[in-house]
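Report on the following structure.
The values are calculated or read from the model by the stated rules, or taken from the named source; none is laboratory data. Here the structure is a predicted model, which means the values were calculated and not measured. Every residue, glycine among them, receives a Cβ derived from its backbone with ideal geometry; neighbour counts consider all protein chains shown. Please note that ligands, DNA and RNA were not included when accessible areas were found on the heavy atoms of the full protein model with its side chains. Shrake-Rupley method; radii C 1.70, N 1.55, O 1.52, S 1.80 Å.
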Number of protein chains: 2
Amino acid sequence: MNRKCSNLPFLVLMQTSKAIHERIKDEIAKNNLGITEFSVLEVLYQKGKQTIQQIGNCILISSGSMTYVIDKLEKRGLLCRNACPDDRRVIHVTLTDAGNALMDEIMPKYHEFVNSMFDSLNSDEEETLVRLLKKVRDKV
Amino acid sequence: MNRKCSNLPFLVLMQTSKAIHERIKDEIAKNNLGITEFSVLEVLYQKGKQTIQQIGNCILISSGSMTYVIDKLEKRGLLCRNACPDDRRVIHVTLTDAGNALMDEIMPKYHEFVNSMFDSLNSDEEETLVRLLKKVRDKV
DNA sequence: TATGATTATCTCAGATTCAAGATAATTTAA
DNA sequence: TTAAATTATCTTGAATCTGAGATAATCATA
């Protein structure tokens, strides 16, 4: 009976992503944001005005969670809801000035932080890693 | 102002691991188990009797969550708690016959499932992927 | 135009997680 | 031996997420 641990690439991939996730969580927590909250702000910062649904599709959480996280960020004054004049089912979300200012401050540090986690790879290695991961991702 | 998306290896790595995580969650849900519950059973199946603490260290969840998940699995008759005679603070956990039988049934399918997600890589590519991921992981 | 299907958002209950603190047992060291 | 520190587990409360269902608006089509 074989009860040994499974697939090595699988194990190392999941360990690595989990470790990265943890480190980013801690980093973002310094700004009193959870990863979900940060992800919402990041989408808005990069793409500008978005509907709640669009944001949810980007960061892959349920509609119930979207309402919850948008509520929190709105109460904190980082974003605002606006009715869509063309379709009254839809709500547009945009960053407030405070939200933009916060992201102006956070994002450069965040990018630097992410880059630092990968700077042990040279550009060939980065390319190879991306290629192999995509091969896996597209099959999953 | 650069608001473009960050580091490509980072993005692809996180996307891939998230996709895998989701697929495994769905697969395991077929047996009415969550990933945390399955992970506990997997540790016990591979290693035999373990203390609650040892299991928690393996799967990296808090002691409060350990109590909760062990409770659930115990009520379901898949594992049992046993006092440690040498140290009365410690509780040993083992799979019941039902727990072993369930894992005997689940694990082969699970391994096959995991393998199938990586079978687009040949063994050279697997080796390269592991090497690069370890390089990242050890730096994180 | 009326009806049925779809879509976007929200509400609510339940599940899961963690952090902090409680409890009880063991170890260390004065 | 005894007090302090450490350790293992459990309890509790708060936070976050999901899924199912509610509501309201829009679309498609006969």
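Brief remarks on what is shown
- Between A:F113 and B:A101, the modelled labels are 4.9 nm apart [label points 7 Å from Cα along Cα→Cβ].
- Per residue, the convex hull spanned by the alpha carbons of region B:63-140 comes to 178 Å³.
- Amide H to amide H, with H built 1.01 Å from N, A:Q50 comes under 5 Å of A:V93, counting only residues 5 or more places away or on other chains.
- Taking only protein heavy atoms and a 1.4 Å probe, the accessible area of the protein assembly as shown is 49% carbon and sulfur.
- Solvent exposure of chain A as accessible area per residue, Å², 1.4 Å probe: 55
- Label 7 Å beyond Cα on the Cβ vector: A:T36 copy-to-copy distances, nm: 1.5
- Each other copy holds its own label point for A:Q15; taking that point as 7 Å from Cα along Cα to Cβ, the gaps run 2.6 nm, nearest first.
- Within the protein assembly as shown, the proportion of C-alpha pairs whose separation exceeds 34 Å stands at 34%.
- Per residue of B:116-125, other chain Cβ atoms within 10 Å of the residue Cβ number 4 on average.
- Chymotrypsin sites (Phe, Trp or Tyr not before Pro) within region B:1-103, DSSP loop, no more than 13 other Cβ atoms inside 10 Å: none
- Given 10 as the ceiling on other Cβ atoms within 10 Å, longest exposed-site-free region of chain A for trypsin sites (Lys or Arg not before Pro) in DSSP loops: A:31-87
- Interface size B-A, as summed buried accessible area [1.4 Å probe, Å², nearest 100]: 4900
- Note on B:N122/A:L11: beta-carbon distance plugged into 1/(1 + (r/R0)^6) with R0 of 22 Å gives a FRET efficiency of 0.75.
- Max mean-square fluctuation residue, GNM over chain B, Cα-Cα springs under 10 Å, options B:V69, B:V12, B:V43: B:V12
- Using the alpha-carbon positions of chain A, Rg (one decimal) and Dmax (whole number) come out as 18.5, 64 Å.
- Cβ nearest the rotation axis (B onto A), residue from chain B and distance to the nearest whole Å: B:S17, 2
- For region A:1-47 versus region B:80-140, the gap between their alpha-carbon centres in whole angstrom: 19
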